[in-house]
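**Q** Have a look at this one before I ask anything.
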Amino acid sequence: MYGRSNLMHARNQYKSLELVSRIDGATPHTLVAILYDELLRSLDVLGAALRQQRDLRNETHARRASDILTALTANLDFDQGASVAQTLATVYRAMASQLVRVIASGDAEKLAELRDGVDTIATSWRRLAA
């Protein structure tokens, strides 16, 4: 009745609609928390790709994770959040560097460390958003 590609397309459409509904009317803290959730999701996909021994350089989620870290950095408010923004910029740069190393090396342990760090910060943003 439905082919696998049709089901995957429908699933992706549903996820897109879910994300859009979460974004509509969200506070700035909630938007950052959503970015972290999406970053974690991408890192989880990369972890699955590593377990399947796939080359991360060919994975869409490698680019997506990098783009999210760039967006988090680009949207820091250095005027209002001076020292906090500076600290977060340093953390985001370190995460981006770690991501580049993970993508190049396929090091599952380094990916797990990166994911743990992202999860720690994501938990704080979720609390701020609540």
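**Q** Suppose the filter is surrounded by 13 or more Cβ atoms within 10 Å (Cβ to Cβ) and in contact (Cβ under 8 Å) with a residue 24 or more places away in the chain; does LEU111 pass it?
**A** On the way: surrounded by 13 or more Cβ atoms within 10 Å (Cβ to Cβ): yes; in contact (Cβ under 8 Å) with a residue 24 or more places away in the chain: yes.
Considered against the rule, which asks whether it is surrounded by 13 or more Cβ atoms within 10 Å (Cβ to Cβ) and in contact (Cβ under 8 Å) with a residue 24 or more places away in the chain, LEU111 comes out as yes.
**Q** Does any residue in region 50-67 that is small (Gly, Ala, Ser) come within less than 8 Å, Cβ to Cβ, of a residue that is surrounded by fewer than 17 Cβ atoms within 10 Å (Cβ to Cβ) six or more places away or on a different chain, and which pairs are these?
**A** Close Cβ pairs (under 8 Å, with a partner that is surrounded by fewer than 17 Cβ atoms within 10 Å (Cβ to Cβ)) amount to SER66/VAL100.
**Q** Hey, another quick one. So, GLY81, is that one touching a helix residue (DSSP H, G or I) at 6+ places or on another chain (Cβ under 7 Å) and farther than 18 Å from ILE34 by Cβ or not?
**A** No; evaluated as a whole, the condition is false for this residue.
**Q** Just name the residue that is nearest to ARG64 (Cα to Cα) out of those in region 74-99 that are surrounded by fewer than 12 Cβ atoms within 10 Å (Cβ to Cβ) and of a type in the set (A, V, I, L, M).
**A** In this case the residue turns out to be ALA74.
**Q** So, one more: In region 20-45, how many are of a type in the set (A, V, I, L, M, F, W, C), at pLDDT below 95, assigned to a helix (DSSP H, G or I) and surrounded by 13 or more Cβ atoms within 10 Å (Cβ to Cβ)?
**A** Summing the residues that are of a type in the set (A, V, I, L, M, F, W, C), at pLDDT below 95, assigned to a helix (DSSP H, G or I) and surrounded by 13 or more Cβ atoms within 10 Å (Cβ to Cβ) in region 20-45 gives 5.
The values are calculated or read from the model by the stated rules, or taken from the named source; none is laboratory data. Computed from a predicted model, the values in this text were never measured in an experiment. Cβ coordinates were reconstructed from backbone atoms using ideal geometry, including for glycine residues, and neighbour counts include every protein chain displayed.
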